[in-house]
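**Student:** There's a structure below that I have some questions on.
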Amino acid sequence: MPEELPFPTLAPRSTEVRRTGRRGRASGAAAQAFVPDTEQLVAALAVAERGDTLSHRDAETLLHARGAELDRLLAVAGRMRDAGLAAAGRPGVITYSRKVFIPLTHLCRDRCHYCTFVQSPGKLAAAGKAPFLSPDDVLDVARQGAAMGCKEALFTLGDRPEDRWGAAREWLDEHGYASTIDYLRAMAELVLAETGLLPHLNPGIMYAEEIELLKPVGPSMGMMLETTSERIWLEKGEAHFGSPDKDPALRLSVLENAGRLKVPFTTGLLFGIGENYAERIDGMFAIRDSAERHGHVQEVIIQNFRAKPATAMMGVADLETQEYVAAVAVAKLVLGPGARIQAPPNLTDALELSLLVRAGIDDWGGVSPLTPDHVNPERPWPQIDTLAALTAATGYTLRERLTAHPHYVRDEGEWFDPRVLPALRALADPTGLAVEGRVPAPQRAGASR
């Protein structure tokens, strides 16, 4: 291991129980109803090391691993990841997607207490911005990205802003669109035709008919489940209070509909926003159950909370590193060797990324050489060459994938609308990964670059 890229050492486990508080709490985890003793933790580690199926209580127990116990947990999760990659035909490979980030609108009807992506119409107007990006703006970003070899166009936007903001409704009416989803469909179709970039669609809540509307222009879609905790949604002062689209039952229905409609789907969990350890495990089991029913969950993002200024949760401490990597490792063990686990590389300090690799991740998600992370603008993405070096230092090779993961690309007939297949095939190698260095080409005859 090079001296400039050391593996962090792990401190021993503390038995202190963390308590909930709006500001300045030790982390975003609520007080735990169950705190295992050393004997219980060692027993749960033994279950994991034998390769036995973890119960809910086993998994919850393992979230408490720290120090030497965490080292053992990471070793088990890493072995499971390696076995899964070997079975997938790409041993030792960690993937990423070269993308551009297109924030179609910063308006949203939700009021998440940690979010800086969402803006009001007044703030947008003061900055000289319209409620939505124009088609020319969308294409400008997409064309720049395509010229730099990006292959994914990540469309991210607020949930149904026309239901809250008159300015959004007026803009859509003036431009001839029935809804934000309708406009998203048009812009994804435009980008696909004019640049050949593959749209990944992330508009929040989507009903079944909306997923069907978007499937012909999006090889993949996504929505973070974030948490299954109704308490965080229902109780005043909690992170999702006042946000209708953060109802866990509603978000789980999106996951189910995407599965029934055969859409390669990215989802994930956000840890540190006030959930307790049992609720973290509930979320993992819910995703696993949906994936087992439908086979559509292409990757699971395990994301750590990072406090942002000028938000209701700006005084909440970031999720502590060992707590985070323990959650990543447990997610790997719960979800299984065939699950792809992603950790955003810009939300963890570079010298700690090795811990995430040890914890069983096999994907870094989308990384852009052009656009910032508009959801976490204070946390720039690492340069792709730097990420490759950091990955290599842990003993793995970084490879570019497409917005849909390789096994879906290889089994294309079951998962994709025929209208996206030409663009997908043009960028995929025989294994379903991306052809490194290939520049997307327009899919409409006569379209300009």
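The values are calculated or read from the model by the stated rules, or taken from the named source; none is laboratory data. Source: prediction; values computed, not measured. Note that each Cβ is placed from the backbone with ideal geometry, even for glycine, and that neighbours are counted across all protein chains shown.
**Student:** Give the residue that is surrounded by the most Cβ atoms within 10 Å (Cβ to Cβ), with candidates limited to residues of the range 275-318 that are closer than 30 Å to LEU261 by Cβ and acidic (Asp, Glu). Reasoning before the result, please.
**Tutor:** First, the residues of the range 275-318 that are closer than 30 Å to LEU261 by Cβ: 275, 279-303.
If we keep only those that are acidic (Asp, Glu) too, we end up with 275, 279, 282, 289, 292, 299.
Details: GLU275: 26, GLU279: 21, ASP282: 20, ASP289: 13, GLU292: 12, GLU299: 23.
Looking at the filtered set, the residue picked out is GLU275.
**Student:** Considering only the range 380-397, I want to know if a residue exists there that is closer than 19 Å to THR267 by Cβ and either surrounded by fewer than 22 Cβ atoms within 10 Å (Cβ to Cβ) or in contact (Cβ under 8 Å) with a residue 60 or more places away in the chain (or both). Give the derivation first.
**Tutor:** Filtering the range 380-397 for residues closer than 19 Å to THR267 by Cβ gives none.
No: the range 380-397 contains no residue that is closer than 19 Å to THR267 by Cβ and either surrounded by fewer than 22 Cβ atoms within 10 Å (Cβ to Cβ) or in contact (Cβ under 8 Å) with a residue 60 or more places away in the chain (or both).
**Student:** Regarding ASP159, is this residue at pLDDT 95 or above and over 20 Å from the mean Cα position of the chain (by Cα)?
**Tutor:** Working: at pLDDT 95 or above: yes; over 20 Å from the mean Cα position of the chain (by Cα): no.
Spelling it out, it is not the case that ASP159 is at pLDDT 95 or above and over 20 Å from the mean Cα position of the chain (by Cα).
**Student:** Here is a follow-up. Given the conditions (1) over 26 Å from ASN376 (Cα atoms); (2) surrounded by 17 or more Cβ atoms within 10 Å (Cβ to Cβ), and given that GLU256 satisfies all but one, which numbered condition is not satisfied?
**Tutor:** Single failed check for GLU256: (2).
**Student:** May I pose another question? Would you check which residues across the range 154-212 are among the β-branched types (Val, Ile, Thr) and out of contact with any Leu (no Cβ under 7 Å at 6 or more places or on another chain) and list them? Quick ask: steps written out before the conclusion?
**Tutor:** Taking the range 154-212 as the starting set, the residues that turn out to be among the β-branched types (Val, Ile, Thr) are 156, 180-181, 191, 195, 205, 211.
Hits for the range 154-212 are THR156, THR195.
**Student:** Only one of GLY128, GLY122 is farther than 17 Å from ASP245 by Cα, out of contact with any Leu (no Cβ under 8 Å at 6 or more places or on another chain) and not in a helix (DSSP H, G or I). Can you tell me which? Spell out how you get there, then give the answer.
**Tutor:** On the way: GLY122 fails: not in a helix (DSSP H, G or I).
Step by step, each of GLY128, GLY122 is checked, and only GLY128 is farther than 17 Å from ASP245 by Cα, out of contact with any Leu (no Cβ under 8 Å at 6 or more places or on another chain) and not in a helix (DSSP H, G or I).
**Student:** Does GLY84 meet the test of being touching a Pro at 6+ places or on another chain (Cβ under 6 Å) and modelled with pLDDT of 60 or more?
**Tutor:** Details: touching a Pro at 6+ places or on another chain (Cβ under 6 Å): yes; modelled with pLDDT of 60 or more: yes.
Criteria met by GLY84.
**Student:** Now a separate question. Would you please name the residue that is surrounded by the most Cβ atoms within 10 Å (Cβ to Cβ), looking only at residues in the range 53-102 that are β-branched (Val, Ile, Thr) and not in a strand (DSSP E or B)?
**Tutor:** In the first step, residues of the range 53-102 are kept if they are β-branched (Val, Ile, Thr); the result is 53, 61, 76, 93-95, 100, 102.
Filter again for not in a strand (DSSP E or B), leaving 53, 61, 76.
Details: THR53: 10, THR61: 26, VAL76: 21.
Only one residue fits best here, namely THR61.
**Student:** Applying the selection to the range 427-444, what residues are of a type in the set (Gly, Ala, Ser), farther than 17 Å from GLU189 by Cβ and either touching a residue at least 60 places away in the same chain (Cβ under 8 Å) or not in a loop (DSSP other than H, G, I, E, B) (or both)? If you could, list the steps in order and put the result at the bottom.
**Tutor:** Of all residues in the range 427-444, those of a type in the set (Gly, Ala, Ser) come to 428, 432, 434, 437, 441.
Still in the running and farther than 17 Å from GLU189 by Cβ: 428, 432, 434, 437.
Those that are of a type in the set (Gly, Ala, Ser), farther than 17 Å from GLU189 by Cβ and either touching a residue at least 60 places away in the same chain (Cβ under 8 Å) or not in a loop (DSSP other than H, G, I, E, B) (or both): ALA428, ALA434, GLY437.
**Student:** Give, as residue ranges, the helices (runs of 4 or more DSSP H) completely inside the range 172-236 that count at least 3 residues that are among the small types (Gly, Ala, Ser).
**Tutor:** Values: elements: 180-195, 208-214, 230-234.
The qualifying helices (runs of 4 or more DSSP H) are 180-195.
**Student:** Within the range 406-420, work out how many residues are within 16 Å of GLU152 (Cβ to Cβ) and free of Cβ contacts under 8 Å to residues at least 60 places away in the same chain.
**Tutor:** Here the count works out to 1.
**Student:** Suppose the filter is surrounded by 22 or more Cβ atoms within 10 Å (Cβ to Cβ), in a loop (DSSP other than H, G, I, E, B) and touching a residue at least 40 places away in the same chain (Cβ under 8 Å); does THR403 pass it? Even if it seems obvious, please write down each step before you answer.
**Tutor:** Numbers: surrounded by 22 or more Cβ atoms within 10 Å (Cβ to Cβ): yes; in a loop (DSSP other than H, G, I, E, B): yes; touching a residue at least 40 places away in the same chain (Cβ under 8 Å): yes.
The answer is yes for THR403.
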